[in-house]
Amino acid sequence: PAIIGRPIAGLEMASNFLCQVVRGNSASRSAVEMAILDLLGRRLGVSSVHLLGGACCTEIPVAWTLSTGSVEEDISEGERAYLTRGHRRFKVKLGRKDVADDVARVVSIIEAFRGRAGVIADVNQGWDEVTALRYLPVLQEAGLEAIEQPLPSHDIEGILRVRNRLSIEVIADEVLTDSASAFLVARSGAASAFSLKPNRDGGATNTKRLAAIAHAGGIKLYGGTALETSIGTAASALIFSSIPELHLGSELFGPLRLADDLVKKPIKILEGLLQLPTGVGLGVELDEERVSSLVARRRT
């Protein structure tokens, strides 16, 4: 309601206003900013990526997450993703109670795809420093490409000590709550890569700010996801494409996990690469009939 009737002249102005009226809810701020980004592009008759500085690429590498919890099923699913869609990087979730078995599962996945696809692991803040120092060297020796947020976000010093003992890439995620936290992580050296997430960051403008801080600090970039439909995925893809280099690719696989999508032509991923939308605005067209059907189904 706060933006009804308010003139929208540009993305930066709109983002600044949203930051004033919406506090502590980055996801909703991001959704509204994405809608504004689409609106401005359609108003001008151009792809919204031009409002972000222009596309530096037309394809974005996409990792596929393996999360069945079973070694055999994870490897089998990975083989299908590798053969049918050409994914060349996999992401595996860690953090179950039996850490040794969990780590052994990841090592088996790394071995299964050695020479064909890289593997990134995400602990989601689930380990303490002792656990990380015990098991990360095993994963590093096996050939793990990167570890995402191994320790709780508040333990900057612990993450720094872990990183100083390893040569593996350490990706910051939950710790990146705003530009100030990103600057703190960059200054401390507690991460070698940032996971960019417009949904977490509060929109395109804040994501671009985090990317700029990373660039200034010599930190690599990884394009994260919150499992969006093709709408949010298109917006994230345009944002990521406007950044000169996404060193570790992305995980924009959201549309592939959905039983239903909300657009007429879902985002395409071919040979492990997301094809950047080229139409006006975000480059996707809402399927109004599908949306109405889903709304009616929910009401019943």
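List of remarks:
- Those residues of region 93-144 which are closer than 21 Å to LEU83 by Cβ, open to solvent by 50 Å² or more (accessible area, probe 1.4 Å) and within 23 Å of the chain's Cα centre (by Cα), in sequence order: ARG116
- In this entry, LEU227 passes the filter for residues that are open to solvent by 10 Å² or more (accessible area, probe 1.4 Å) and out of contact with any Asp or Glu (no Cβ under 7 Å at 6 or more places or on another chain).
- All told, ALA216 meets the bar of being surrounded by fewer than 23 Cβ atoms within 10 Å (Cβ to Cβ) and free of Cβ contacts under 8 Å to residues at least 40 places away in the same chain.
- Whichever residue in region 6-17 is more than 21 Å from the chain's Cα centre (by Cα) and not aliphatic (A, V, I, L, M) and, among such residues, is surrounded by the fewest Cβ atoms within 10 Å (Cβ to Cβ): PRO7
- Scan of region 18-44 for residues that are of a type in the set (S, T, N, Q) and either open to solvent by 40 Å² or more (accessible area, probe 1.4 Å) or part of a loop (DSSP other than H, G, I, E, B) (or both), ordered by number: GLN20, ASN25, SER28
- Segments classed as helices (runs of 4 or more DSSP H), wholly inside region 181-300, with at least 3 members that are at negative phi and touching a helix residue (DSSP H, G or I) at 6+ places or on another chain (Cβ under 6 Å): 198-201, 204-216, 230-241
- Some residue of region 109-124 being among the β-branched types (Val, Ile, Thr), in a strand (DSSP E or B) and touching a helix residue (DSSP H, G or I) at 6+ places or on another chain (Cβ under 9 Å): yes
- Neighbours by Cβ (under 7 Å, 6+ apart or cross-chain): first from region 55-82, over 25 Å from LEU246 (Cα atoms); second at pLDDT below 95 and open to solvent by 30 Å² or more (accessible area, probe 1.4 Å): ASP74/THR68; GLU77/THR68
- Near pairs, Cβ below 8 angstrom, 6+ apart or cross-chain, from region 277-300 (farther than 13 Å from VAL46 by Cα) to any residue that is assigned to a helix (DSSP H, G or I): LEU286/ILE231
- Test for ILE3: is it assigned to a loop (DSSP other than H, G, I, E, B), aliphatic (A, V, I, L, M) and surrounded by 14 or more Cβ atoms within 10 Å (Cβ to Cβ): yes
- The lone exception for SER167 - which of (1) farther than 21 Å from LEU196 by Cβ; (2) open to solvent by 60 Å² or more (accessible area, probe 1.4 Å); (3) touching a strand residue (DSSP E or B) at 6+ places or on another chain (Cβ under 7 Å) it fails: (3)
- Qualifying residue in region 61-71 (condition: open to solvent by 20 Å² or more (accessible area, probe 1.4 Å) and in a helix (DSSP H, G or I)): yes
The values are calculated or read from the model by the stated rules, or taken from the named source; none is laboratory data. All figures in this text were calculated on a predicted structure; none of them were measured in a lab. Cβ sites come from the backbone with ideal geometry, for glycine too, and all protein chains shown count toward neighbours. Areas reflect the complete protein model, heavy atoms only, side chains present, ligands, DNA and RNA absent. Shrake-Rupley method; radii C 1.70, N 1.55, O 1.52, S 1.80 Å.
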